[in-house]
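Engineer: Here it is, the structure, as structure tokens.
The values are calculated or read from the model by the stated rules, or taken from the named source; none is laboratory data. Keep in mind it's a predicted model, so treat the numbers as computed, not measured. Counting neighbours? That spans all protein chains shown, and the Cβs are built from the backbone with ideal geometry, glycine included.
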Amino acid sequence: MSVWLPYFVLIGIAFGAAAVGSFFSPGEWYESLRKPSLNPPNWVFGPVWTLLYLCIGISATWVWKETQQIRYLVPWLIQLALNSAWTWIFFGLHRPDLAFIEIRILWAAILINLIVFLRVHPRAAYLLIPYLLWVSFASFLNWRIWALNMPT
């Protein structure tokens, strides 16, 4: 069991961040917004984020098993907190403008996390690349939604 415990704990923490974010669902407000043509259908987000959170948790587990030092997981914890905060800002506060600023900080935090992991366990860093790419795309969507729905 001790071999699997870090997986359960760190994947659990990753999905815990997802659970915090899920308190702020898109709802009617989001449905009423004009969206860019590249905006995926709503059903895409659940499976994509599930796979991403699994990769995020596994990557942290590999780094933990390699180092057993919490300092390498601090950037990982920060980017998870920022990820949850974006959902609150965008969907909870209905502020795509502030969410766009925040998602740029999140993107930088993911990149820092990836670099830290790359130095310790390259495969763990590679698992974060799809996450960085998805947040890059989400940043574009956030910006376009903000621009399309600005008060005139």
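Engineer: Of all residues in the stretch 91-126, count the ones that are buried (at least 17 other Cβ atoms within 10 Å of the Cβ) and in a loop (DSSP other than H, G, I, E, B).
Structural biologist: 1
Engineer: Yes or no: THR61 at pLDDT 95 or above, crowded, with 19+ Cβ neighbours inside 10 Å, outside any loop (DSSP other than H, G, I, E, B) and of a type outside the set (A, V, I, L, M, F, W, C)?
Structural biologist: Here the answer is yes, as THR61 does meet what is asked.
Engineer: Output the residue which, of all residues in the stretch 78-98 that are of a type in the set (A, V, I, L, M) and within 11 Å of the chain's Cα centre (by Cα), is farthest from GLY57 (Cα to Cα).
Structural biologist: So, considering only residues that are of a type in the set (A, V, I, L, M) and within 11 Å of the chain's Cα centre (by Cα), the one farthest from GLY57 (Cα to Cα) is ALA85.
Engineer: While we're here: Looking at PHE8 and the list (1) at pLDDT 95 or above; (2) more than 15 Å from the chain's Cα centre (by Cα), which single condition is not satisfied?
Structural biologist: (1)
Engineer: ILE129: loosely packed, with under 15 Cβ neighbours inside 10 Å and over 30 Å from GLY27 (Cβ atoms), yes or no?
Structural biologist: Yes; evaluated as a whole, the condition is true for this residue.
Engineer: Scan (1) within 12 Å of the chain's Cα centre (by Cα); (2) surrounded by 14 or more Cβ atoms within 10 Å (Cβ to Cβ); (3) among the hydrophobic types (A, V, I, L, M, F, W, C) for the single condition LEU51 breaks and write down its number.
Structural biologist: (2)
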